[in-house]
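Here's the structure we're looking at; comments come further down.
The values are calculated or read from the model by the stated rules, or taken from the named source; none is laboratory data. Everything quoted here is computed from the prediction, not taken from an experiment. In this analysis, Cβ positions are derived from the backbone assuming ideal geometry, glycine residues included, and neighbour counts consider all displayed protein chains. Just so you know, the surface numbers come from the protein's heavy atoms only, side chains and all, with ligands and any DNA or RNA stripped out. Shrake-Rupley method; radii C 1.70, N 1.55, O 1.52, S 1.80 Å.
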Amino acid sequence: MRLIILGPPGSGKGVQSKRIGEHFGIVQISTGDSLRQAVASGAEIGRQARQYMEKGLLVPDNLMVQLVMDRLDQEDALGGFILDGFPRTISQAEMLDDLLQKEDRTLDAVLELKVRDGVVVSRLSNRRLCSQCGADYNLVTKPPKTEGVCDRCGGRLIQREDDREATILHRLEVYHRQTEPLEAYYSNKGHLLTFDAERSVEEVSAAIVEALESGTGS
Ligand code: AMP
């Protein structure tokens, strides 16, 4: 199965793509995570991408396409994948279409998570992540037992650089302008399944699994 998950920052793409990937036995590929790892490891692509990421801007297509091409050619992606955070522009979507077509691979569905802007701002400004195991918390809806400390591993909780309010607003603006047009792009191809993602993580996952297994969105 080959899937794309779309949605504004904070819509739950990361958590849902992990759950859906596990459910269907396909690899989750997050371009945001790959870029953050490249920044942390000091890799050349990370060095070039960092300035854009910190401002909430999109990393240029030439860097992204290389990153995704290399990743999709790896062994674990040959049996299927769920792409989280790519494509983010029409030109990236066209490049992905070309790439898949050349290799006789097709997309099964594009999952779109719908969340209102106000909910995104509240979710992201309260989001904290464990610096060691990556577990995520929300200061309002899912606070850690001890402030600043991960319940699971005792690691220190941090806020992502781009989860500060001014950057969130900028990321949302970039999403509406550059990524939202993908809704019509994939809808015209008959691939789009849309989900109300203001529900709980479990409810959204259940709706996605049901839609994929029966072929309808909700
Ligand atoms: P995310 O974790 O998906 O929110 O991505 C974090 C940041 O990585 C984004 O704000 C962009 O700066 C960059 N990024 C991730 N995926 C892409 C992409 N497909 N195209 C351009 N930039 C991206």
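Pairwise Cα separations in the stretch 2-214 fall into 5 Å bins from 0 onward with the following percentages, short to long: 1, 7, 14, 19, 21, 19, 12, 5, 2, 0, 0. Counting only DSSP beta bridges with both residues in the chain, the antiparallel share comes to about 30 percent.
For the stretch 140-218, what does the alpha-carbon gyration tensor say about shape, rounded, prolate or oblate, given a ≥ b ≥ c as the root eigenvalues, a/c under 1.5 as rounded, and a/b over b/c as prolate? Oblate. For the chain, the tally of Lys pairs with Cα-Cα distances below 19 Å comes to 5, considering only residues 8 or more apart or on different chains.
What FRET efficiency, computed as 1/(1 + (r/R0)^6) with R0 = 30 Å and r the Cβ-Cβ distance, is obtained for Glu210 and Thr141, rounded to the nearest 0.05?
Details: r = 24 Å, r/R0 = 0.81.
The formula returns an efficiency of 0.80 here.
Only Cα pairs under 8 Å and 6+ residues apart enter the sum, and on that basis the relative contact order of the stretch 2-214 stands at 30 percent.
Take the Cα of Ser187, step 7 Å toward its Cβ, do the same at Asp76, and the gap between the two points is 3.5 nm.
One decimal place: the segment Arg116-His23 gains 30.8 nm when fully extended, by the rule 0.36 nm per residue minus the C-alpha distance. Note on the stretch 41-185: with neighbouring protein chains present and a 1.4 Å probe, carbon and sulfur make up 49 percent of its accessible heavy-atom surface. Which residues among the stretch 118-147 fall inside the zone where the amide N is under 16 Å from a point 7 Å beyond the Cα of His176, along Cα→Cβ? Label zone hits: 118-122.
Each other residue within a Cβ distance under 13 Å of Gln66 adds +1 if Lys or Arg and -1 if Asp or Glu, for a net charge of -3. If I model a spin label as a point 7 Å beyond the Cα along the Cα-Cβ vector, how far apart are those points for Val15 and Gln51 in nm? Placing both labels 7 Å along Cα→Cβ, they lie 3.5 nm apart. Count Lys and Arg as plus one, Asp and Glu as minus one, and take only other residues whose Cβ is under 14 Å from that of Pro8; the net charge is then -2. Accessible surface for the chain, divided over its residues, is 51 Å² per residue with a 1.4 Å probe.
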